[in-house]
Amino acid sequence: MSGICSVTCTLGFLSKEEPPRWPGQLLHGVLFDRLRDLYPETADLAHTLEPRLFALSGVYREGAHPTFRCAGLSEPVSAALPEVFGAGAEFGIGPARVRVLESVVERTGYEELYERFVPEEGEYGRISLRFLSPATFRVGKANMPFPLPRLLWQSWANRWNAFSDVQVGSFGEWAEEFIVPARFRLRSRVAKVGGATLAGSVGECEYRVLRPESVEARVAAMLAAYAGYCGTGQKTTMGLGVTEPALPWRGRST
């Protein structure tokens, strides 16, 4: 159960209506409807296993057509996604009816990510991230809307440990001691998802690694790359916490 598959779909509208502002819960339903039609046993596994075997984005406009992305974090969901959201697929997102015009598939694996970062000697003194949808974290009985290092890296480590043969332990403890926010352009945004109203952070944040030459720094960089697939924090199966590794920081910070 170690395959990762990301499918990015370019959408065309078949109706005048457009999806709602936060369509993640609707896309969650679309995924399960299509899995039940094509791979019912996979749908059952995706519904019952924790952590979830997938992550979803919302709908974003890039160029002439909107796009969305779904990532399978392990088999059998990873194997099913290219057909579930293949070119020509049609479905509804709330009042909108859409067709997948193009489906771009990217495959990788946990061993491949590990080999890309950890055995190679190098320094990772800065790690920059972009949060495209609100990233929020459950802490006790409350939600933390700021992407603190401990919360970020533990969020990714939990998912990594669930699906990878190579374990990284409670990496949030190391991140809390040796990773600090350096610069950021963040703003708060409230999303209504799954019947809950949650505040989270969107924007960019650069983190400084205090031991850039260490093996742990390379693991930190690996997990940050993994975040591009698994998302960050809560409700990643409904469009929250969509995360992209960012280019080195440019411009002014907040």
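The values are calculated or read from the model by the stated rules, or taken from the named source; none is laboratory data. Everything quoted here is computed from the prediction, not taken from an experiment. Here the Cβ positions follow ideal geometry from the backbone for every residue, glycine too, while neighbour counts run over all protein chains shown.
Things to note:
- Residue tally, condition in a strand (DSSP E or B) and either in contact (Cβ under 8 Å) with a residue 24 or more places away in the chain or at positive phi (or both), over the stretch 168-194: 14
- Long-range neighbours under 6 Å by Cβ, at least six apart or interchain, first residue more than 19 Å from Y226 (Cβ to Cβ) within the stretch 46-65, second of a type outside the set (A, V, I, L, M) and part of a loop (DSSP other than H, G, I, E, B): G58/P23; G58/G239; V59/P19; V59/P23
Yes/no per residue for (1) in contact with a Gly (Cβ under 6 Å, 6 or more places away or on another chain); (2) farther than 28 Å from S74 by Cα; (3) outside any helix (DSSP H, G or I):
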site: R150; (1), (2), (3): yes, no, no
site: A162; (1), (2), (3): no, no, no
site: V166; (1), (2), (3): no, no, yes
site: T197; (1), (2), (3): no, yes, yes
site: G200; (1), (2), (3): no, no, yes
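- Exactly one residue out of V98, V190 is surrounded by 15 or more Cβ atoms within 10 Å (Cβ to Cβ) and either within 19 Å of S57 (Cα to Cα) or in the same structural domain as P20 (by TED's automatic domain parsing) (or both): that is V98.
- Residue within the stretch 194-206 that is among the small types (G, A, S), in contact with a strand residue (DSSP E or B) (Cβ under 9 Å, 6 or more places away or on another chain), in the same structural domain as S128 (by TED's automatic domain parsing) and crowded, with 21+ Cβ neighbours inside 10 Å present: yes
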